[in-house]
1. Of A377, A433, A381, A348, which residue is surrounded by fewer than 24 Cβ atoms within 10 Å (Cβ to Cβ), at pLDDT 90 or above and small (G, A, S)?
2. Out of everything in segment 145-198 that is hydroxyl-bearing (S, T, Y) and within 24 Å of R363 (Cβ to Cβ), what residue ends up being surrounded by the fewest Cβ atoms within 10 Å (Cβ to Cβ)?
3. Here are some residues: I291, I304, I266. Which one is assigned to a helix (DSSP H, G or I) and under 24 Å from R150 (Cα atoms)?
4. Could you list, ordered by first residue, the pairs with Cβ atoms under 6 Å in which the first is in segment 8-33 and touching a residue at least 24 places away in the same chain (Cβ under 8 Å) and the second is among the hydroxyl-bearing types (S, T, Y) and in a helix (DSSP H, G or I), at least 6 apart or interchain?
5. Suppose the filter is of a type outside the set (A, V, I, L, M), surrounded by 16 or more Cβ atoms within 10 Å (Cβ to Cβ), in contact with a Pro (Cβ under 7 Å, 6 or more places away or on another chain) and assigned to a helix (DSSP H, G or I); does G334 pass it?
6. Residues in segment 58-69: is at least one within 20 Å of the chain's Cα centre (by Cα), at pLDDT 90 or above, over 28 Å from D287 (Cβ atoms) and surrounded by fewer than 21 Cβ atoms within 10 Å (Cβ to Cβ)?
7. Would a scan of segment 105-119 turn up a residue that is at pLDDT 90 or above and either within 23 Å of S186 (Cα to Cα) or crowded, with 17+ Cβ neighbours inside 10 Å (or both)?
8. Check off (1) in a helix (DSSP H, G or I); (2) modelled with pLDDT under 75; (3) surrounded by 21 or more Cβ atoms within 10 Å (Cβ to Cβ) for T219 and give me the number that stays unchecked.
Amino acid sequence: MPDAQRMRRGIARLLGIEPGDLGSVAAGFAMFFLLFAGYFLLRPVRETMGIAGGVKNLQWLFTGTFVATLAALPAFGWIAARVQRRRILYWVFAFFAGNLLLFALGFQARPDDAWLARGFYIWLSVFNLVAISTAWSVLADLFEAGEARRVFALMAGGASVGGLVGPLLGVLLVDSIGHPGLLALSAGLLVASASCVAVLRRIRGDRAEAGEGAARDMTVHSATRDDDASGARQPLGGSSWAGAAEVLQSPYLLGIALYVLLLASISTFLYFDQARLVQAAYPSPTDQTRIFGMLDMAVQSLAILSQVFITGRVARRLGVGALLVGVPVVMVAGFAWLAFAPTFAVLALVMIARRSGEYAFVRPGREMLYTPLAPHAKYKAKNFNDTVVYRGADAVSGWVKTGVDVLAQHPAAAMVLGAVVAAVWGWTGRGLARRYRALTE
């Protein structure tokens, strides 16, 4: 027994956490591993479907995704208002797993249907944000701000490992089981991820039930007490659109919305050039799926090393601001490089830096911003920011990117605009970090 205790303390010291955190970290890590393995198993399929629908139509796919996200928001709000808070994730994941099985049947019957491909592209883009946002809502609900700075990055490491394993599975299995088989496998991984959430809640002992009444509601101008004594076993209540109203009433949540909007705009600018250059270099759909999978594996390999050994220590010593500002600064330099050398090799390096930095630093920092808030903000307002704001920015920036390319007739113009957006993104992160410190202190 003493040997086991010494081992636990040694592992905790290596990871920079408390020995009592190990069980929670393991469950959260497994939850994200299974969720992201299932998603990244399908991400290369989505990129292939996007190209099958026509690279020139990407802005329409982004617009369709935004419309679908608007339709999904009241559905999520309805679930959150009526289902026990502790069961929201189970309902969401079960719904998406059923959708995956239906798409698998559709691709089996009509593998070359362009409209089915476009529908799957849009559906997966909505699933990505809603499912991941809901998983992070659970963590923000169960952990205090100080705990989050210790454990969130390590749990997010499960996302990076899953993001590494998922593309590898896709590359290895796409020839033998095809796209329908990949979708069915992803549905099974999603169900397994939900089971890890149940384990995590048992480990935490439903802390929210006992202590959430003391949580301060920082989403309104005056601090109010959350007096929902029945806790996690009761629905959140309110309207289906309450999250949108809450964001509009809170300067802090509006700041997070702006940060998300700028992040999505940066991602879209790079994504459009990625699709164009990959189509030119790899005309075969199977080769496209493989190259997207290889890029994903490079991103996740870099992200997992940062999450395990760097992110948590940076968060504790330098604060959330370092997580929110570092990647935007790198992107300013990356866009400047692309303006002078718009090649696939340079783009691949910048994409890897942006995406690995987002997973390792930006996403944990962004999720920590919600920990001082009340439960309804952690689910409803957060879901609005993570879905409608993100996909709305996708749609708008997609048309902006297309317009700049047409008017300027040179890719450097869009890259210069991207550098400016990245600079504003970093400035917004700096302001949010100051507000977060004020709330947690």
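The values are calculated or read from the model by the stated rules, or taken from the named source; none is laboratory data. What you are looking at is a predicted structure, and each value in this text was computed from that prediction instead of being measured. Every residue, glycine as well, gets a Cβ built from its backbone with ideal geometry; the counts of neighbours run over all protein chains shown.
1. Being surrounded by fewer than 24 Cβ atoms within 10 Å (Cβ to Cβ), at pLDDT 90 or above and small (G, A, S) holds for just one of A377, A433, A381, A348, which is A433.
2. S195
3. After applying the criteria, what remains is I304.
4. M31/S193
5. no
6. no
7. Checked against the condition, which is being at pLDDT 90 or above and either within 23 Å of S186 (Cα to Cα) or crowded, with 17+ Cβ neighbours inside 10 Å (or both), segment 105-119 yields at least one hit.
8. (1)
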